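The values are calculated or read from the model by the stated rules, or taken from the named source; none is laboratory data. Every value quoted in this text rests on a predicted model; they were computed, and no experiment measured them. So basically every Cβ, Gly included, is an ideal-geometry build from the backbone, and we count neighbours across all protein chains shown. Note: accessible area is taken over every heavy atom of the protein model, side chains too, but ligands, DNA and RNA are not part of it. Shrake-Rupley method; radii C 1.70, N 1.55, O 1.52, S 1.80 Å.
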Amino acid sequence: MILMGYVRFLLSIAAVSVLSGCAGSNHLGSNNLRAGIDPNNASTVASHSVASSPAATIRPVAKITSVSPADKLIALTFDDGPRPYVLFGRKAVHPAPGLVDILDQNGVKATFFVVGWRLTPKTWGEPKHEEDIGVSCLDAAEQLIRRGHELEDHTYSHLELRSAEKKNGEQWVMHDVDRGAQAIKAVTGTQPRYVRPPDWILTDDARRDLQKQGYRVLTISQENPIALRDVNSLDYLCAGKAVGCPKPSLPDAVLQQIEQRERKGTYTHILAFHELSTTAAIMPKLITELKARGYRFVTLTEYMKLVETKGEIPKQQAAVTKPTSVAALSR
Ligand SMILES: [Zn+2]
């Protein structure tokens with residue numbers, strides 16, 4: 001089954017809708033408008049989308065008896081934080097449960113691709129868009145580690161790296177990734193290994209050079225084994241005005257993507273979400289459904305170890321990435 005899955009990834013090309021991987025904004029200039037997101041309204045929309053996305057729309061799939069539960073893995077990942085009001089919940093304006101509590105209650109460990117500039121002292125997020133709940137981003141990061149989650153690198157600036165490279169040169173890009181890694185290392189004590197470039201956009205040269213330095217770059221490129229391709233949840237389209245939010249609901253759409261991958265023989269998935277209130281709100285339902293389908297939740301490091309150990313991905317293949325076609329799509 002696993003071998004078949006590997007062979008089939010070579011044959012199969014799933015059209016992945018790529019608009020923009022990053023819902024958030026950066027401190028140098030908000031791209032919320034580009035992404036169509038107004039984080040101020042995020043929790044309002046969250047309660048809406050939960051209310052209007054009936055559980056009945058999640059269709060159970062036929063039980064696949066040939067796949068052992070031990071082989072069905074999910075690495076839940078969240079980009080753009082730490083955002084304390086998402087992680088620990090809003091109290092004043094739009095009360096909402098925190099993502100970390102939701103994960104804890106479900107016994108799920110996740111991986112957070114955090115933005116380096118947030119991990120500086122006395123940083124509470126973006127004042128215009130993010131509710132200050134009295135917890136700094138740095139405190140939030142420390143708490144994530146204490147609670148067993150993983151932190152990985154989403155750059156320091158959160159700028160789109162191809163444009164940044166054009167403007168400032170490749171060395172700037174390398175430095176931005178490294179600076180993000182250093183900020184994480186200052187919290188965790190260990191060097192992060194995985195990098196997800198904002199919007200998954202990176203030049204081939206920068207990708208190769210990052211890999212030479214020991215980073216593994218997360219990708220949605222179809223040239224990679226399917227088990228190593230991020231599932232783009234499109235959750236950023238469900239925040240703010242929710243223009244373009246997948247139908248009939250975000251959890252349904254994610255489950256449909258998983259079913260498509262299962263039909264190609266792949267039962268291991270890296271799910272790419274963002275730290276958004278709307279995303280936190282759908283997690284209980286999505287986690288429950290995936291568990292019911294026999295999936296087990298692991299951190300990204302465990303995921304990679306398990307997927308490679310099982311031989312689904314030849315190790316030398318795991319590092320091969322060629323994002324050109326994806327990069328072209330994503331703009
Ligand atoms: Zn991002």
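Look through segment 119-140, keep the residues that are without any contact (Cβ under 8 Å) to a residue 60 or more places away in the chain and assigned to a helix (DSSP H, G or I), and return whichever of them is nearest to the ligand (Cβ to nearest atom).
Filtering first and then ranking leaves C137.
From the list K247, K285, which residue is more than 24 Å from G107 (Cβ to Cβ) and open to solvent by 10 Å² or more (accessible area, probe 1.4 Å)?
K247
Report whether or not I133 is within 20 Å of the chain's Cα centre (by Cα), open to solvent by 10 Å² or more (accessible area, probe 1.4 Å) and farther than 23 Å from T288 by Cα.
So I133 does not fit the description; no.
So in segment 64-84, with the set limited to residues that are more than 16 Å from the ligand (Cβ to nearest atom) and at pLDDT 95 or above, which one is surrounded by the most Cβ atoms within 10 Å (Cβ to Cβ)?
Checked segment 64-84; the qualifying residue surrounded by the most Cβ atoms within 10 Å (Cβ to Cβ) is P84.
Here's the yes/no breakdown for (1) hydroxyl-bearing (S, T, Y); (2) at pLDDT below 95; (3) touching an Asp or Glu at 6+ places or on another chain (Cβ under 9 Å):
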residue	(1), (2), (3)
I220	no, no, yes
P225	no, yes, yes
L234	no, no, no
L237	no, no, no
Q256	no, no, no
T288	yes, no, no
A292	no, no, no
F297	no, no, no
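Return the residues of segment 299-326 that are modelled with pLDDT of 70 or more and part of a helix (DSSP H, G or I); say none if nothing qualifies.
Passing the criteria: L300, T301, E302, Y303, M304, K305, L306, V307, E308, T309.
Do we find that I258 is among the β-branched types (V, I, T), within 17 Å of the chain's Cα centre (by Cα) and not in a strand (DSSP E or B) in this structure?
So I258 fits the description; yes.
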